[in-house]
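Have a look at the structure below, then the notes.
The values are calculated or read from the model by the stated rules, or taken from the named source; none is laboratory data. A quick note: this is a predicted structure, and the numbers were derived from the prediction, not measured. Heads up, the Cβs are rebuilt from the backbone with ideal geometry, glycines too, and the neighbour counts pull from every protein chain shown.
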There are 2 protein chains.
Amino acid sequence: MHSWIDGQPAAAVNLQNRGLAYGDGLFETIAVRGGRPSLLDGHLARLALGCQRLAIDADLALVREELLRYASQLADGIAKLIITRGDSQRGYAPVAGAMPRRILQGSPLPSYPVEHAEHGVRLFLCQTRLGEQPLLAGLKHLNRLEQVLARAEWQDSEHAEGLMRDGQGRLIEGVFSNLFLVREGKLFTADLSRCGVAGVMRAALLQQAVLQGIPVQVCDLPFEALEQADEVFVCNSVYGVWPVRGIAALNWSPGPLTRKLQAVARTLLET
Amino acid sequence: MHSWIDGQPAAAVNLQNRGLAYGDGLFETIAVRGGRPSLLDGHLARLALGCQRLAIDADLALVREELLRYASQLADGIAKLIITRGDSQRGYAPVAGAMPRRILQGSPLPSYPVEHAEHGVRLFLCQTRLGEQPLLAGLKHLNRLEQVLARAEWQDSEHAEGLMRDGQGRLIEGVFSNLFLVREGKLFTADLSRCGVAGVMRAALLQQAVLQGIPVQVCDLPFEALEQADEVFVCNSVYGVWPVRGIAALNWSPGPLTRKLQAVARTLLET
């Protein structure tokens, strides 16, 4: 399906766009099924937070309206929404009155092997570490060279995702997923106040876990937390939940809490 | 002057470009006078290093040739050269065979007040800190949200540049400059192996200082180094050298080594 810029079909963006010049913007990757964007409120909430923290004055009501319109035409696929600060001349200083640009791109739903969800995936242990930047942590902004470098570390199909750590070796996330550990019935995921992307599916699963009475802890996770984990899984807002069956020399089987939250994720993506 | 993509006039870049999607590329900002790019070898050397570290397979001979051609048409101005990894579909994994894109944009030479060079500038002490990422440190890549945030911290014209520190409070650089201190006749500038952009003018001045027998030290600089400095200046490959006359409560006068290197920079930019 054709891309849109500011609600109009377009295939190219002005060279003055600050998204290209500085990665000065944000994005959301949204699963669309039957013409409806999944986890819509979660995506828009994260985008709103990002716009606030980067002081990008986007019209979020218009973004929502366009996204709904785009999704209804896309029917089934992935809608990628990019918001940039707009165009400007050379120089980092944002130009007063710059108009944020709204970009929508459609692509087919990815066809991951069904085994990923059924039997689990192996994670590649990336050497690329995430730098600490509290001002950007949690946001899905357009400065993604760390993910590009990490994703380039493996080419084999044995690893469906990579595990990223921070400079101190703490577990943070996957390259395009968030990470959860289960230990003694309790759910753990990394604190993302210094680095990492706070995924929309991560937020939804945390909320659902709390509602279902599953104990949850968001905290720093040293590498040793993996050795002590009973279950490990990754999630995002496109594929839902994949059990993790191996990282380096460590191995797990898909466990009961993983299966429970996998079902939750499936429901979230289908409604 | 018209922009070029891959040697052809163009005003817009494909929405699939990874420069827009992830900031997956590099840039150089090059002063052009009389149709000739200043510090050409320095810019191309940094670009080559960046391409190597990001594994972007750009044709650097072609980049050089196009830049020279573009500069001769621009005559006097700033040539901004962007190299991106090229186009790809959704996903961080670089596509095998992606063709790096060469983008050239021209703008007029900026008209900074002559007092900046003559009497010096005040630096705004930015609260935005530079995150540590050794894999990207030194490169002029397209992930520049930290600079955007820092530059948005001040709007007054009293401050011509901002001073950026790392998470530990060490002095690193200006938002669009590098920083030098002078103490007892010795020249100091920050080690940029964890963060910062290794400026082309910085490299040229370091080289010229060594050639002229000026002692030079590239090292970690705690904030206290400013209090002990006899002279402070900033530099880049567009304006050359600006003496710094104040940062927060600290004040300096343009000193002899600053004046000497200012003259060196002027010569470098004019030849």
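Could you list, in sequence order, all residues of the range B:4-41 that are away from chain A (no Cβ under 14 Å) and either in a strand (DSSP E or B) or among the charged types (D, E, K, R) (or both)?
Result: B:Arg33, B:Arg36, B:Pro37, B:Asp41.
Starting from residues that are crowded, with 24+ Cβ neighbours inside 10 Å and assigned to a strand (DSSP E or B), keep the ones in the range A:142-170 and report whichever is farthest from the other protein chains (Cβ to nearest Cβ).
The extreme case among them is A:Leu163.
Those residues that are more than 14 Å from chain A (Cβ to nearest Cβ), farther than 12 Å from B:Gln228 by Cα and not in a strand (DSSP E or B), I need them from the range B:171-188; list them, please.
B:Gly185, the sole residue that qualifies.
Which residue, of A:Asn178, A:Asn251, is under 21 Å from A:His116 (Cβ atoms), touching a residue at least 40 places away in the same chain (Cβ under 8 Å) and of a type in the set (S, T, N, Q)?
A:Asn178 is the lone residue from the list that is under 21 Å from A:His116 (Cβ atoms), touching a residue at least 40 places away in the same chain (Cβ under 8 Å) and of a type in the set (S, T, N, Q).
Report yes if some residue within the range A:60-73 is outside the structural domain of A:Leu135 (by TED's automatic domain parsing) and not in a helix (DSSP H, G or I); otherwise report no.
The answer is no, given that none of the residues of the range A:60-73 is outside the structural domain of A:Leu135 (by TED's automatic domain parsing) and not in a helix (DSSP H, G or I).
Out of (1) touching a strand residue (DSSP E or B) at 6+ places or on another chain (Cβ under 8 Å); (2) at positive phi; (3) not hydroxyl-bearing (Ser, Thr, Tyr), the odd one out for B:Glu184 is which?
(1)
Return the residues of the range A:238-262 that are in a strand (DSSP E or B) and under 20 Å from A:Leu211 (Cα atoms); say none if nothing qualifies.
A:Gly240, A:Val241
Output the residues belonging to the range B:7-40 that are surrounded by fewer than 18 Cβ atoms within 10 Å (Cβ to Cβ), on the phi > 0 side of the Ramachandran plot and within 23 Å of the chain's Cα centre (by Cα).
Across the range B:7-40, the qualifying residues are B:Gly34, B:Gly35.
With the structure loaded, tell me whether A:Gln133 is within 10 Å of chain B (Cβ to nearest Cβ), in a loop (DSSP other than H, G, I, E, B), surrounded by fewer than 16 Cβ atoms within 10 Å (Cβ to Cβ) and touching a residue at least 40 places away in the same chain (Cβ under 8 Å) or whether it fails that test.
Judged against the criteria, A:Gln133 is not a match.
Taking into account only those residues within the range B:47-59 that are away from every other protein chain (no Cβ under 14 Å) and crowded, with 21+ Cβ neighbours inside 10 Å, which is nearest to B:Gln105 (Cα to Cα)?
B:Leu47
A:Leu44 versus (1) crowded, with 16+ Cβ neighbours inside 10 Å; (2) away from chain B (no Cβ under 13 Å); (3) touching a residue at least 40 places away in the same chain (Cβ under 8 Å): which is the lone unmet condition?
(3)
Residues to consider are A:Cys195, A:Cys235; find the one that is within 28 Å of A:Leu142 (Cβ to Cβ), in a loop (DSSP other than H, G, I, E, B) and either in contact with a strand residue (DSSP E or B) (Cβ under 8 Å, 6 or more places away or on another chain) or among the charged types (D, E, K, R) (or both).
Checking each option against the conditions leaves just A:Cys195.
Pairs please, first residue from the range B:215-226 and assigned by TED's automatic domain parsing to the domain that holds B:Ala190, second anywhere and assigned to a strand (DSSP E or B), Cβ atoms under 6 Å, 6+ apart in sequence or on different chains.
Once the first residue is assigned by TED's automatic domain parsing to the domain that holds B:Ala190 and sits in the range B:215-226, its partners that are assigned to a strand (DSSP E or B) give B:Pro215/B:Lys186; B:Val216/B:Leu187; B:Gln217/B:Phe188; B:Val218/B:Thr189; B:Leu221/B:Leu171; B:Leu221/B:Ala190; B:Ala225/B:Leu181; B:Leu226/B:Leu250.
Within the range B:93-119, work out how many residues are more than 24 Å from B:Asp59 (Cβ to Cβ), at the interface with chain A (Cβ under 9 Å from one of its Cβ atoms) and in contact (Cβ under 8 Å) with a residue 60 or more places away in the chain.
Adding up the residues that qualify gives 1.
Please work out which residue is farthest from the other protein chains (Cβ to nearest Cβ), limiting yourself to the range B:72-83 and to residues that are out of contact with any Asp or Glu (no Cβ under 6 Å at 6 or more places or on another chain) and closer than 21 Å to B:Val13 by Cβ.
Top of the filtered list is B:Gln73.
From B:Ile78, B:Ile83, B:Ile56, B:Ile103, grab the single residue that is assigned to a strand (DSSP E or B), within 22 Å of B:Gln133 (Cα to Cα) and not assigned by TED's automatic domain parsing to the domain that holds B:Leu142.
On inspection, the qualifying residue turns out to be B:Ile83.
Yes or no: B:Asp191 touching a Cys at 6+ places or on another chain (Cβ under 6 Å), of a type outside the set (Gly, Ala, Ser), closer than 27 Å to B:Arg53 by Cα and surrounded by fewer than 21 Cβ atoms within 10 Å (Cβ to Cβ)?
yes
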